[in-house]
Amino acid sequence: MEQITDEITQMSNKINAIGQLLKKPSKEWTEEEKEECGSKEHLREERKQLRDKELELLKEQTILLQREQNQGISSLITAGTAMDIDVRPFDSAIYQSKKNQYFPFFDPMIEKYLIHFGDNALLATDNVIHEVNQIISKRVVEKYLPIICSTSRGMGKTAFMEAVGMQLVKPHLKNQLIMDALAYGRILSFDFAGAAVETAIPSQSEIRTFFTRLMVYFLCRMFDGTQVDGIHFEKISQFASVTDINGRQNKFTRWLRKSIMLNADDMMDEYIRLTNLAFKVNCSSPPVFLLDEIQGLLKPTTVQSMYKDDQVVNHSFLSLLLTQLAVKYKPVCICGTNSGNIINIADKSKIIPQFISLSTVLKEDDYKAFCDQSI
């Protein structure tokens, strides 16, 4: 047992060291690091192999711990020991009363403005929200229908996405699927503006894990300092650190390592399971994803999409990313962009983006006055 624990510790230290090196630009590597590590792609592959091995060791450790328990031998690193007693269960009532910031990656002032003015915060959006609801009602069709809202910069697309996500709309325009997601901590967002796109998806290999990492991040943020299903959750301060965290509780670390290996659909299963336990409900509504500034994801991949006009069409980062959601749940995904020519989809693709063009929706004078008063 002691040997396995030492091996897990060494493995975790190696994974963390690789994570720190990957965050550093290659041009800043020392000659020794270049000679030892090669390329970032090589490091990512090495980290994946180490995680696989670490997961196997954690499984083996769990079996040994169970044997010790069966023999009446307690272990301080097993969930449920005296060191874990002080961690309180998640309290949905406290969570609701705190009114946590729903959108950690978006400008918090927009959210405060929307909450203050409610369904009167935006200009003439009823028809657009009705259109969004119509698209959502068709989400069970064979093709996946992500929604892409396009407008010029500064016209209020982010505010529009947040208003829909918080359901700050007129009563007859409320959407039950989004309301369920909102009630049970299933509204997830990300802003790809600026350098964030490189942090979130630095290479093609991270596309398939993005939604899984985002769900892990939001669960840890929502359940921070509490326990759900015996897992003692800890907040992850930086999204880029999701894959490098070691928790204080062994069970949390095992859950974390296992979760980041899941595909998007399997992680949605886990997200729904944990939030159902936490909120004491039985709701099957999947998470809702709000992705802003997606024009940063237009660069091409080497992954073939489909044939179009007898020519092979490769996925862009964006189309391959959205395809990760086009399987079982087909969750609501609303994207914001200031680019009109955002995505080129092959005829036989699994996704059919639904484009919505927004005019000015933000009451600029009201918003500016609100910001000035809030300073």
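Details
- Residue that is charged (D, E, K, R), within 18 Å of the chain's Cα centre (by Cα) and open to solvent by less than 20 Å² (accessible area, probe 1.4 Å), where the choices are 186, 221: 186
Residues checked against (1) without any contact (Cβ under 8 Å) to a residue 40 or more places away in the chain; (2) farther than 21 Å from residue 283 by Cα; (3) under 13 Å from the mean Cα position of the chain (by Cα):
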{"residue": "204", "(1), (2), (3)": "no, yes, no"}
{"residue": "209", "(1), (2), (3)": "no, yes, yes"}
{"residue": "251", "(1), (2), (3)": "no, yes, no"}
{"residue": "267", "(1), (2), (3)": "no, no, yes"}
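- Comparison of 307, 367 shows that the only residue that is outside any strand (DSSP E or B), of a type in the set (Ser, Thr, Tyr), open to solvent by 10 Å² or more (accessible area, probe 1.4 Å) and modelled with pLDDT under 80 is 367.
- Qualifying residue in segment 96-103 (condition: closer than 22 Å to residue 186 by Cα, modelled with pLDDT of 70 or more and among the basic types (Lys, Arg)): no
- Test: residue in segment 109-123 that is among the basic types (Lys, Arg) and more than 24 Å from residue 272 (Cβ to Cβ): yes
- Given (1) among the small types (Gly, Ala, Ser); (2) closer than 29 Å to residue 320 by Cα; (3) crowded, with 18+ Cβ neighbours inside 10 Å, index of the condition residue 247 fails: (2)
- Residue match in segment 135-153 (condition: among the charged types (D, E, K, R) and outside any loop (DSSP other than H, G, I, E, B)): no
- Listed conditions (1) over 20 Å from the mean Cα position of the chain (by Cα); (2) within 27 Å of residue 218 (Cα to Cα); (3) acidic (Asp, Glu) are all met by residue 107, apart from (1).
- Single residue of segment 328-352 satisfying the filter (modelled with pLDDT of 90 or more, of a type outside the set (Ser, Thr, Tyr) and assigned to a loop (DSSP other than H, G, I, E, B)) that is most open to solvent (accessible area, probe 1.4 Å): 328
The values are calculated or read from the model by the stated rules, or taken from the named source; none is laboratory data. Since the model is a prediction, treat every value here as computed from it, not as a measurement. Heads up, the Cβs are rebuilt from the backbone with ideal geometry, glycines too, and the neighbour counts pull from every protein chain shown. Note: areas computed on protein heavy atoms with side chains; ligands, DNA, RNA excluded. Shrake-Rupley method; radii C 1.70, N 1.55, O 1.52, S 1.80 Å.
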